[in-house]
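Structure first, then comments.
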Amino acid sequence: GNSDTGGSAADDGKLTLGFSQVGAESGWRTANTISIKDSAAAAGIELKFDDAQQKQENQIKAIRNFIQQKVDVIAFSPVVESGWDTVLKEAKDAGIPVILTDRSVDSADKSLYKTFLGSDFVKEGRLSGEWLIANAKTTSGPVNIVELQGTTGSAPANDRKKGFAEAIAANPNLKIVASQSGDFTRAGGKQVMEQFLKANTKIDVLFAHNDDMGLGALEAITAAGKVPGKDITIITVDAVKDGMQALADGKFNFIAECSPLLGPQLMDLAKKVDAGQEVPARIETEETTFTQAQAKEALPNRKY
Amino acid sequence: MTTGSLTAGRRWTARLPRRQVPVLATLALLLVMYGIGVSQYRAFSNVQVIFNVFIDNGFLLVVAVGMTFVILTGGIDLSVGSVVAMTAMVSAALLQQGLPAALVLVIALAIGPTLGLLMGCAIHFFEIQPFIVTLAGMFFARGMCTFISGSSIPITDGFWTRMSQERIGDPRGNFVSISVLIAFVVVVVAAYTLAYTRLGRNVYAIGGNSQSALLMGLPVGRTRIAVYTISGLCSAIGGILLSFYTLSGAPLIGVGMELDVIAAVVIGGTVLTGGSGYVFGTVLGVLVLGVIQTLITFDGSLNSWWTKIVIGGLLFAFILLQRLIGIRYK
Amino acid sequence: MNATLGRYRAMTGHRLFWPVAVLVIMFAANTIYRPGFLSVEVKDGHLYGTPIDILRLSAPLILVALGMTVVISTGGIDLSVGSVCAISGATACLYISQQPDQNSLSVVLTALAMALGVALVLGAWNGVLVAVIGIQPIIATLILMVAGRGLAQLITEGQIITINSGPYRAIGLGHILTLPLAILIALVAALLVAAFTRRTALGMIIESVGGNAEASRLAGIRSGRVIFLAYVLSAGCAAIAGFMMTANVSSADGNAAGLWVELDAILAVVIGGTSLAGGRFFLSGTVLGALIIQTLTTTVYAMNISPQTSLLFKAVVVIAVCLVQAPAFRARFSRRRTGAPPPTTVPDQPKEQVPA
Amino acid sequence: MTDSRPVLTMTGISKSFPGVRALDNVDFRLFPGEVHALMGENGAGKSTLIKVLTGVYDTDEGAVTLDGAQVAFSGPMQATAAGVSTVYQEVNLCANLSVAENIFIGREPRRLGAVRWGEVRRRARALLSRLDLDLDVSAPLGTYSLAVQQMVAIARAIDIRAQVLILDEPTSSLDAGEVAQLFRIMGNLRDEGIAILFVTHFLDQAYGIADRITVLRNGRLVGEYPTVELPQLTLVEKMIGKELDVLEGIEEHSRRDVAAREEGTPLVAASGLGRTGAVEPFSLTIHAGEVVGLAGLLGSGRTEVARLLFGADRADRGQVAVDGESSGLRTPAQAIDHGIGFCSEDRRAEGIVADLSVRENMILAMQAARGWLRPIPRRRQDELVERYVKALSIRPADPDVPVRNLSGGNQQKVLLARWLITEPRLLILDEPTRGIDIGAKTEIQRLVTQLSDGGTAVLFISAELEEVLRLSHKVAVMRDRQMVAQLANDDGFDADRVMQTIASGSHREEADR
Ligand SMILES: Nc1ncnc2c1ncn2[C@@H]1O[C@H](COP(=O)(O)OP(=O)(O)OP(=O)(O)O)[C@@H](O)[C@H]1O
Ligand SMILES: Nc1ncnc2c1ncn2[C@@H]1O[C@H](COP(=O)(O)OP(=O)(O)OP(=O)(O)O)[C@@H](O)[C@H]1O
Ligand SMILES: [Mg+2]
Ligand SMILES: [Mg+2]
């Protein structure tokens, strides 16, 4: 262990950042953690990292402990949107600025945090839906969509579902015929897709809330004797390496990126916030979408 | 024929230490762990760090107290985590509907014990194993959470906000939350119940040997149903405290909490097969988990997976020492 | 008339009757909902259909539950099985992914042997904590449950290791004689465990230790060894289950593999009729219990029950299953229905089992 | 006495368990101010009758009236509330609770709902001193021996002050002193008009205290008789159902040839064996074919001696030599490997495995010795089980019923069979005749003799001094956890002398002989 934690900037002139991560529940999250750790080291920031194991209680505990340790800046990726006012107020009273990453909170009092840095899950869903509107062959009749949701009750699942539904509402021929939770895992995606394939004679489109479920579903589709990417159009979110590979191989059709690499931006913000500079209230990570052709191009220099 | 003293004393000589040793050992180890924290991290010695352990684990403590009752009878209650979440969820949803805070409190506090009562009845009357009944209760309560809402519901009610943000003590320095006081009241009431009421003593008797308890004419069924109801009530109180704590109801909060709670109770010296243990031990158990968590946050250099490994390792070291000290004194 | 009645009673009195009945009812309900549920066709030379999926997917759970049965029978519990699944799967996949030729059988076999070895060591660790040091099983295995998940992620470095190995894939997806290999492995394992316990005296000794540890000790049973062995067996079963889980999706996910499988496994054991307090164990009941649980999961997907309510649905089914299985419930129910106490030829169960 | 109205009547009681008709149309009456003995062989239905009465079991048929009103208790709680206080056959108390609490739980003195612990302890102490027991009332009950636990259970029952007091084999683990004590108290209660139902297998005790006797056989009522009108011989005939010459065996109890057999290397020799807090170091040699009795009062440490010899408890000093070779007897398994068997006194906690069948319980020790890899072939099992079921007349004779369904005495026989099957060289029997009917008891005594004649050594512990003296070649006397003397069974050896030794504890020189 590292023995000096009472120090603020005064001690060694180094900026201390307390960061509370949601957990390590996916490859995406791990990439996110690595990005933050690496860029902290690169930026000369002392990082206090805490892993909350997907529990809000743990994150609140961690923030309280950061306050006790008098870190200079606190950053965290909230597990859920609501429920942060009390502890954020404590941080505010202790004079420690807070940056939200990856996901916002729903506090009415916007002064509780300085800024938000992250992706917009609703937008990811919407981009997926919009691509489908533009590319689906709806002229020949209704298009049957099945949806693999993330963990029931989790924010990305709720928002991607919402964004996607909003987008496809524009075309009444696009119909979600089945929607189940695959828990964001490959095994879950596969198991659910197997049943979708047996229960629905005609499936035209699969929308999976992350790459992993999509990859699991691929296996089920192949086993059912269908050709992924052709017989069934597959849209996913995230763009992790395996997903991009599948996209490049023509098994997926479209991926809305959700970038985990927000470390450099975060370190930048932390320095600014600590120096008392004004920062925009909301900063979205630079994200894009990938089609098959784009994926082939991008694949060689993907980091994660 | 000689009568006199026919019975030559008891098997073991010194009594007092033997019974208290596990609890004392746990307390000592906890202090050692705290000492390590203080020596390693300067800010650890702040009094507020201790207060935070209580603030952050108040609801866990209340739930663990309820679990202590159940485990003392030799049963188990897996539904607690979900019931906590459901209570918070129901409170949040009702408050969102605009119901008055007092009414919401009453409703929310009634749901847990009702579910506990039903589970207790199923366990007693139909002789189904507690594990399975409370597992179904766990599914049910968690299902209700997602059924009520797929996403978290914020609470903006004035009463809740006050309960959440009121700082008792020096608001700028060291303070505790109201939840901590409530948790303490629950602990004291529970300790009193177990030590001084018939219900409490019956709990121990059933845990010792439920068939004997039955033949001794004790109300086994009633007591067994009561402990699950009590556990339900404690979960409900825990749920309310959690909703104070987070000012929201989230469908996935408290997943896996039952294991933390059981761990806390067992680390506190209560035997899983029932019949022996104290509420005070449970308090220690919760503190052990809390301090481990705090140590890890203070370290701040651990990776996600190393966090888990270190938690496991600390737990192991703690239990091993606890056990070795316990054996020595036996 | 009387004879049929007698046969009916004998049948319903059988230990496995109610689990089987529940299974049949679930299948029937599914078939009513979707007539094609039971249909099985031949695709690419092997059977394809929902019942086959259920068999294949229940294989890992059966395996884990088998080991769990033995552990529970000794009066213990093993919470670490999920983590052991993840570790063994991750170890095997990591090794395979590092080899140049992932399709080589010898590579896969080495990987399996290595991962199994790791799992057995973990099982031995549990066994030592419980049998030698004397820590309460639930806590002893909780340690590995928490730390083991971390170990699995350490092995995968938090990523999902994807492999491309035909032989390994076959563990999860292969077919022999048109049947999924996975279920055959699970059944062979079940038969082996059954032979191992019932053909030798091990089963009786385990039950004796679980039923009354002190009496067994005084009868000369070295219960420490038996308990130790149970945890090792459980870890071994979990390891094979871990291979299946990872082979099924050709990738190892340290976080998700085997998550919460311990609860399902315990549930399967209990549905199968084994008491959590230890003592008598029923392997066939456990296998049925695992099938019931998997059928339930599949039913949720097949009936497209919304994820928001699927847990409520599960709760209701689990309660119903337990109720019909509980003799006390049936006794009450049948008494109310007939309005009279059962005839004396079918004596009442004692209200409470009290030894004389 | 019998001219008043009965306080309790049971008429036409029937009760079946799967496969067994435990009670078949049984009538029973109990008058105020009488002690009524309920007698019968093991498995006759005595305990079942009591449990039906107190509502532990539902009846299939029949009616119970208490004080003239028909009752059907739903369980012991109601029965106790209605004035029926019961000590069940096995000690049914909670070992984890303190002695005082075991006596008062459920009816603790309270103030404002809070249990007054001081008062509980005070009253418990007072009550126990009436029974001449000097215990630490706040110690957990489990730290005391079975006999003490039995006394505590009795204390609880008599303190309830019921109109009906039921004692199911309360004396099975008590020695003469305690029994006398108990009878004195029962006499007082009887004089106060309390009706007492008393179950025992000791004829002497029945004749010593009972006013009337009801006999059950195979779940049927044989009859109800005033004690004075029923000669012992007739009683036994009625219990067994045939005129048996067994009686001679009992009546005669002519001392067998018990010439000392101390020759050659001792089979087992303990030297300076002891355990702190349990028993002071002692030395004892046992030769092949020798029966060594352990005499002593309740709690004097007999069980401890046996447990140390067997390795059930680990000795912290001294050693045991088997066949002259010093061997580390640390665990029961090692002891069994050396041919030692130990039949524990507490059959429920340390003996039977209730879930397992009679067969499995019987072969358990033998199987353990063979190791799990070599199961005993089914044929051999059947053979062994059948032999001992017959030899000990275990009922029901079906080896596949769970042993929990057997009556207490039959469970004890199963346990005995478990050890006989292992054909041990030294068999340690701690209260083997506890709760066993006279027929079987004679059988067991005969067995011990046979074993000894066949070269098997036996360490015999029994609360009945008579029995010990009758069988042993040598008696080791225990007092206050010390072995104070070892007496050869020669002339001038009798109960009085042993009692004297126990009382004075002054025969140290003999111990070193
Ligand atoms: N719970 C039970 N289930 C099945 N059979 C039982 C049960 N309890 C008792 N029995 C059977 O009922 C019969 C009567 O048993 P009971 O215990 O009343 O005998 P008992 O007269 O008290 O004998 P003992 O002197 O050995 O105590 C026995 O055959 C016994 O096996
Ligand atoms: N290590 C132990 N742990 C728990 N109980 C034990 C242990 N060793 C012995 N006992 C129990 O203590 C009791 C022995 O007590 P005690 O020394 O009074 O024996 P005793 O002289 O045979 O007297 P009694 O006639 O009461 O059996 C037995 O019931 C035995 O089961
Ligand atoms: Mg009896
Ligand atoms: Mg004894």
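Rule-based calculations on the coordinates, nothing more; no lab input. The structure presented is a predicted model; accordingly, all values stated were derived computationally and were not measured. Ideal geometry is used to build each Cβ from the backbone, glycine not excepted, and the neighbour counts take in all protein chains shown.
Descriptive notes on the structure:
- DSSP-defined antiparallel bridges as percent of all bridges, chain D, nearest 5: 55 percent
- Principal-axis analysis of the Cα atoms of chain D puts helix D:378-391 at an angle of about 70° to the longest axis.
- Cross-link partners of D:Lys15 among lysines (Cα-Cα below 16 Å; sequence separation of 8 or more within a chain): C:Lys351, D:Lys46, D:Lys51
- 3J(HN,Hα) along region D:12-28: x, 6, 10, 8, 10, 10, x, x, 10, 9, 6, 9, 10, 6, 9, 10, 7 Hz, from the Karplus curve 6.51 cos²θ - 1.76 cosθ + 1.60 with θ = phi - 60°, whole Hz, x for Gly and Pro.
- Neighbour-count ranking [beta-carbon atoms within 10 angstrom, fewest first] of B:Val65, C:Val108, A:Val98: A:Val98, C:Val108, B:Val65
- Each peptide in A:262-273, D:446-457 was scored by the mean count of other Cβ atoms within 10 Å over its residues; highest first, the order is A:262-273, D:446-457.
- Percent RCO, i.e. relative contact order, over chain A, from Cα pairs under 8 Å lying at least 6 residues apart: 17 percent
- The angle separating the long axis of helix C:50-73 from the principal Cα axis of greatest extent in chain C is about 80 degrees.
- Candidate aspartates and glutamates - alpha carbon under 13 Å from A:Lys272, same-chain residues fewer than 8 apart omitted: A:Asp72
- Under the Karplus curve 6.51 cos²θ - 1.76 cosθ + 1.60, θ = phi - 60°, whole-Hz ³J(HN,Hα) for region C:265-276, x wherever Gly or Pro sits: 5, 4, 4, 4, 4, 5, 4, x, x, 7, 7, 5
- In chain D, Cα pairs under 8 Å separated by at least six residues give a relative contact order of 16 percent.
- Taken residue by residue and averaged, Cβ atoms of other chains lying within 10 Å of the Cβ of B:240-246 number 3.
- Anisotropy class of chain B from Cα gyration tensor, a/c 1.5 cut: oblate
- Relative packing of B:225-232, D:280-287, A:166-173, C:207-214, which averages over residues the other C-beta atoms within 10 Å, highest first: B:225-232, C:207-214, D:280-287, A:166-173
- Per-residue mean of foreign Cβ neighbours for C:157-166 is 5 (Cβ atoms of other chains, 10 Å radius).
- In terms of its alpha-carbon gyration tensor, chain C comes out oblate; a/c meets the 1.5 threshold, while b/c is at least as large as a/b.
- Antiparallel bridges, percent of DSSP beta bridges restricted to the protein assembly as shown (to nearest 5): 45 percent
- Database remark: amide H of D:Val71 closer than 5 angstrom to the amide H of D:Val64, D:Thr65, D:Leu66 (H placed geometrically; neighbours at sequence offset of 5 or more, or on other chains; Pro and chain starts carry no H).
- The string of couplings for region C:160-177 from the Karplus curve (6.51, -1.76, 1.60, θ = phi - 60°) is 9, 7, 9, 10, 9, 10, x, x, 5, 4, 4, 4, x, 10, x, 10, 10, 6 Hz, one whole number per residue in order, with x for Gly and Pro.
- Backbone amide hydrogens, once placed in the peptide plane, bring D:Leu427 within less than 5 Å of D:Gly341, D:Ala457, D:Val458, D:Leu459, excluding anything fewer than 5 places away on its chain.
- Our summary gives region B:220-307 a relative contact order of 17 percent, counting only alpha carbon pairs under 8 angstrom and 6 or more residues apart.
- Value of [θ]222 nm, deg cm²/dmol, for chain D, DSSP H segments ≥ 4, -39500 (n - 2.57) each, nearest 500: -10500 deg cm²/dmol
- Spin-label model distance (nm) - A:Lys296 vs B:Ala28, 7 Å beyond Cα toward Cβ: 7.2 nm
- For region B:161-244, applying the loop criterion from DSSP together with a ceiling of 10 other beta carbons within 10 Å to the trypsin sites (Lys or Arg not before Pro) yields B:Arg172.
- Peptide C:197-207 - average C-beta neighbours from other chains (10 Å radius): 5
- Under-5 Å amide H pairs with D:Ser98, H placed in peptide plane, nonlocal only: D:Leu141
- Only helices reaching 18 angstrom along their own axis (Cα) with mean Kyte-Doolittle hydropathy no lower than 0.5 count here, and for the DSSP H runs of chain B these are B:16-40, B:47-72, B:80-96, B:101-125, B:130-148, B:178-196, B:220-246, B:279-299, B:304-328.
- Nearby lysines by direct alpha-carbon distance to A:Lys226 (threshold 16 angstrom, same-chain neighbours under 8 apart not counted): A:Lys190, A:Lys198, A:Lys202, A:Lys251, C:Lys43
- Degrees, to the nearest 10: C:2-13 long Cα axis against longest axis of chain C: 40 degrees
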